[in-house]
Amino acid sequence: MYRPRRRLPPFRYPNFPIQYGFQNHYQLPRQFPEVDTTLFVESAKISKPLLTEIVNLLDKIEEPGPFSKRLMDAAQRSDQARVRQLLREAGVKSDPEININPDGLRLTFLGKTEAGDFSRIMIVLRWG
């Protein structure tokens, strides 16, 4: 079957892209609901004691002495019961989630009330 050759458009030099006019892209201001800080303030109040416990724990780890070595040794052996006991010795009253891996220790402190979880503070301590 015979097909005639397709004609190419004439070559125009220089071949610059088409310039588009300026387009104004502005957003309309969004409407936000009225701010209610009750839960936010409650979360801050619940987080304060947790932060105090964390600072006390870090101070205990920084102190020269056997505590940091015992804590690291128990964590490297994945002995969560011993880690929890050492945290209690350091003055941690809450019950943090303990996750241990070969590189370090992750403690997640939860600020809870009857209504549910209000805050979560995670601290990662590395040794490797």
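The values are calculated or read from the model by the stated rules, or taken from the named source; none is laboratory data. Quick caveat: nothing in here was measured; it's all calculated off a predicted structure. Here Cβ is always computed from backbone atoms with ideal geometry, including for glycine, and neighbour counts include all displayed protein chains.
Answer with yes or no whether Gly65 is among the small types (Gly, Ala, Ser), over 24 Å from the mean Cα position of the chain (by Cα) and farther than 30 Å from Phe40 by Cα. Judged against the criteria, Gly65 is a match.
If we scan the stretch 93-103, do we find a residue that is part of a strand (DSSP E or B), within 20 Å of the chain's Cα centre (by Cα), surrounded by 12 or more Cβ atoms within 10 Å (Cβ to Cβ) and in contact (Cβ under 8 Å) with a residue 12 or more places away in the chain?
yes
Condition first: within 23 Å of the chain's Cα centre (by Cα), surrounded by 13 or more Cβ atoms within 10 Å (Cβ to Cβ) and at pLDDT below 95. Can you find one or more residues in the stretch 24-43 that meet it? Yes, there is a match, as at least one residue in the stretch 24-43 is within 23 Å of the chain's Cα centre (by Cα), surrounded by 13 or more Cβ atoms within 10 Å (Cβ to Cβ) and at pLDDT below 95.
Being exposed (fewer than 14 other Cβ atoms within 10 Å of the Cβ) and in contact (Cβ under 8 Å) with a residue 12 or more places away in the chain is the filter; apply it to the stretch 62-90 and report the residue that is nearest to Pro102 (Cα to Cα). Residue satisfying both the conditions and the ranking: Ser78. For the stretch 104-128, residues that are under 19 Å from Pro49 (Cα atoms), among the aliphatic types (A, V, I, L, M) and surrounded by 11 or more Cβ atoms within 10 Å (Cβ to Cβ) total 6. Summed over the stretch 113-128, the residues that are part of a loop (DSSP other than H, G, I, E, B) and either over 14 Å from Asp103 (Cβ atoms) or among the basic types (Lys, Arg) (or both) give a count of 2. Any residue at all in the stretch 69-86 that's within 17 Å of Leu125 (Cα to Cα) and in a strand (DSSP E or B)? No - not one qualifying residue is present in the stretch 69-86.
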